[in-house]
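The values are calculated or read from the model by the stated rules, or taken from the named source; none is laboratory data. Note that the structure is predicted; figures quoted are calculated from it, not measured. Please note: Cβ atoms are built from the backbone with ideal geometry, for glycine as well, and neighbour counts cover all protein chains shown.
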Amino acid sequence: MRDCRRHSHHYILLVACIFAAGFSAPACKMKIDEPTFQLNDRVLFSRGIGEIGAFLDGEIDRKRFLWGNDLVNDEIHTFKIAEVPTNGAGAAILRIGDWTGKGEIAAFTWNKRPTLLEQVDWSPAQAQIPFEFKPPYFLPIHIWLLYDDPSKSPQDQEEQADRRLGNAYIIWYLQLTGLEYRWNTRTITYKPTPAFTTIDNCDDIVDLADPKRGLYDTAALNVYVVERVFSEFADTSLTTNGYSAAHCASPNAQVLVLGKNATPDLWAHEFGHAFALGHIDHLSEPDLSPPLFDHENVMHSAPATVRKHFTEGQSFRQAFHSSSVINSALKMNGAGFAGRNCPAFTGNAVEKTWPNYDLWGKCPLLQLRLWADGAFLPSKSSPPASNSWLEKIWR
């Protein structure tokens, strides 16, 4: 339970001031002594590699006092492990303010999955919070080659698919998504099937993924490579690129269909749909100015260049969204992890104004960045002043 005693006199002063000012909040100016912060609490990061980025949720700052018990990414930190102190066990020490109450920590590092520590207790004086990064997600992936390219041997076709998956993995790796696979978690089956050389609609995908056909692996992400697949942008249009069953009315997140010419960044894009990510076109120019994303983001549907960026807000969703195949089918965070029901991102005024504040208290916002993505700078720890008269009084 939050300790309200330290704020009770603020409530009294605030109410008295509003009545005295005739409810003219901007005219109500008062000095409120805020606590002096000291770097007494520490997070001890173990098993990180090279560099660490983290967003921390605490309960001491004014945003939480004003807006209630929602999750707020109060502080954002990025640092190289070699440049911070370590303890006797080699854990990197991050010193933060003297926080109270309950919160959480989400962090990213090289070659580890995004790691979430919930119900962090900041209450003890000089709290020492152990935080251990978890191994990457070794994704079970089954690639089905249903289209036969007569110009290539079956072995060459398998090697081409393997290279494209490998290049998609490079994007995941460089963006610290924690998504990975190994030779023993990846299967390639060369099985030309004339009935499914072309995938015309969602009904075909449902038919294709029927376990009775022997072309579906219930324990894996199924990637079907075909000659042509229908386009989400026009039901009558066929493409040699790709499609995700996540777009269908009854989505099966374990199914991706890729045309024979799908590029590695399109592979990463279609995997993104299986991991609960949607398109960000409406948050890019010319639809939104200033934009929150651009054509270099993996989830843009019409790239003008090679797609290569995920924000940490997107990576968080891939790992922890309840609809991500990582949680919904593969249970890679454990059967007891329900996942986060991240709100749909609409790009409304609140979301654009407060890049680190999720109004619904579920997830960091989609555009939250710990590191720069091309032209986009990292997000800040504190949101800019809003139009709320209550926050203006508090400030």
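Some points to look at:
- Listed by first and then second residue, the pairs with beta-carbon distance under 7 Å, at least 6 apart or on different chains, first residue in the stretch 251-272 and over 16 Å from residue 163 (Cβ atoms), second modelled with pLDDT of 90 or more and among the basic types (Lys, Arg), are 269/307.
- Residue within the stretch 143-157 that is within 20 Å of residue 330 (Cβ to Cβ) and part of a loop (DSSP other than H, G, I, E, B) present: no
- Residues that are in a loop (DSSP other than H, G, I, E, B), polar (S, T, N, Q) and modelled with pLDDT of 95 or more, drawn from the stretch 271-315: 311
- Considering residues of the stretch 273-290 that are closer than 15 Å to residue 303 by Cα and free of Cβ contacts under 8 Å to residues at least 60 places away in the same chain only, the residue surrounded by the most Cβ atoms within 10 Å (Cβ to Cβ): 284
- Those residues of the stretch 119-130 which are in a strand (DSSP E or B) and in contact with a Gly (Cβ under 9 Å, 6 or more places away or on another chain), in sequence order: 119, 120, 121
- Total residues in the stretch 334-360 satisfying the condition of being over 19 Å from residue 284 (Cα atoms) and at pLDDT below 50: the figure is 4.
- Test: residue in the stretch 180-195 that is modelled with pLDDT of 95 or more, outside the structural domain of residue 108 (by TED's automatic domain parsing), surrounded by 20 or more Cβ atoms within 10 Å (Cβ to Cβ) and touching a Leu at 6+ places or on another chain (Cβ under 6 Å): no
- Top-ranked residue of the stretch 90-116 - restricted to ones that are surrounded by fewer than 19 Cβ atoms within 10 Å (Cβ to Cβ) and under 30 Å from residue 139 (Cβ atoms), ranked as nearest to the chain's Cα centre (by Cα): 116
- Pairs, first in contact (Cβ under 8 Å) with a residue 24 or more places away in the chain and assigned by TED's automatic domain parsing to the domain that holds residue 116 in the stretch 306-326, second buried (at least 24 other Cβ atoms within 10 Å of the Cβ) and aromatic (Phe, Trp, Tyr), C-beta under 8 Å, six or more apart: none
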